[in-house]
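The values are calculated or read from the model by the stated rules, or taken from the named source; none is laboratory data. Just so we're clear, the structure is a prediction, and the values are computed from it rather than from any experiment. As a convention, Cβ positions derive from the backbone with ideal geometry for all residues, glycine included, and neighbour counts pool all protein chains shown.
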Amino acid sequence: MEGLKFINADMVVYVHPSKASKPLQAVNHQLSLSLFTFHEAYDGILLAYSFDIQHKTAKVLPGLIPYFGVNLKAKLMVFSPKPNMLIEGKVVKLRRESIHITVLGTCSAVITSEDIRKEFVYKYKEGDGLLESTKHKKHIIKPGSMLRFTVKSLDEELLHVTGSLTTPNTGCIRYLSKHSHSDRKLKGHSDNIDDNDLSTQHKKRRHA
């Protein structure tokens, strides 16, 4: 999925002196407070991390409470969705006017009716709303479907994505994976036919 990246970072984490006997736990606690929030420094949402403490000694900061700085080398997993990127999520609710999605368990996303291509028609079946393609009857989007869509914008404070289903490479991932495979087979078959036809025509011209 687009938008995921890994960052190697040199960091300093400031720890309360009462935690000096357990620096690993203290650092891990401090970093965990940064999870699932947007960080300008990394231009994205921190999803996961691992780290190594670089030195056994730490610099003590002056002040009433002498915090000490622990130097780390950290590997960060960051989600940074940008406009026109393709991302994926699970449909949690589908209404006539909108699709509601959760992405990586951290972001919410919505796709409104004006950003859904016209081939999809809303239907209500078995207590749930769904979208069915008028061009491909097996292409159905419903609650529980894994959806691929493009990013329009990200609200960094609310961690809310506005998305779109206007391009043909978006929709239900299960259908798209099968459909793309069929397209490749069909294209290869068409190419073979074209090559054979050209070869036959060339032979005909030679014998004429």
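When the residues of region 77-109 are narrowed to those that are more than 30 Å from His136 (Cβ to Cβ) and outside any strand (DSSP E or B), which ends up modelled with the lowest pLDDT?
Thr106
Can you give me the number of residues within region 123-146 that are assigned to a loop (DSSP other than H, G, I, E, B) and within 22 Å of the chain's Cα centre (by Cα)?
Counting residues in region 123-146 that are assigned to a loop (DSSP other than H, G, I, E, B) and within 22 Å of the chain's Cα centre (by Cα) gives 5.
State whether the residues of region 64-76 include one that is at pLDDT 90 or above, under 23 Å from Leu158 (Cα atoms) and surrounded by 12 or more Cβ atoms within 10 Å (Cβ to Cβ).
Yes, the conditions are met somewhere in region 64-76.
Can you tell me which of (1) in a loop (DSSP other than H, G, I, E, B); (2) surrounded by 13 or more Cβ atoms within 10 Å (Cβ to Cβ); (3) hydrophobic (A, V, I, L, M, F, W, C) is the one Met11 doesn't meet?
Among (1) in a loop (DSSP other than H, G, I, E, B); (2) surrounded by 13 or more Cβ atoms within 10 Å (Cβ to Cβ); (3) hydrophobic (A, V, I, L, M, F, W, C), the lone unmet condition for Met11 is (1).
Testing Tyr49 on (1) surrounded by 13 or more Cβ atoms within 10 Å (Cβ to Cβ); (2) under 30 Å from Leu176 (Cβ atoms); (3) within 22 Å of the chain's Cα centre (by Cα), one condition comes back false. Which one is that?
Every condition holds for Tyr49 apart from (2).
For Lys118, are the conditions met, namely being out of contact with any Asp or Glu (no Cβ under 7 Å at 6 or more places or on another chain), within 18 Å of Asn169 (Cα to Cα) and of a type outside the set (Asp, Glu)?
Judged against the criteria, Lys118 is a match.
Say we look at region 113-131 and pick out the residues that are without any contact (Cβ under 8 Å) to a residue 24 or more places away in the chain and hydroxyl-bearing (Ser, Thr, Tyr); which of these is surrounded by the most Cβ atoms within 10 Å (Cβ to Cβ)?
Per the stated criteria, the residue is Ser113.
For region 110-122, check the following and say yes or no: at least one residue is at pLDDT 95 or above, part of a helix (DSSP H, G or I), closer than 19 Å to Leu176 by Cα and among the charged types (D, E, K, R).
yes
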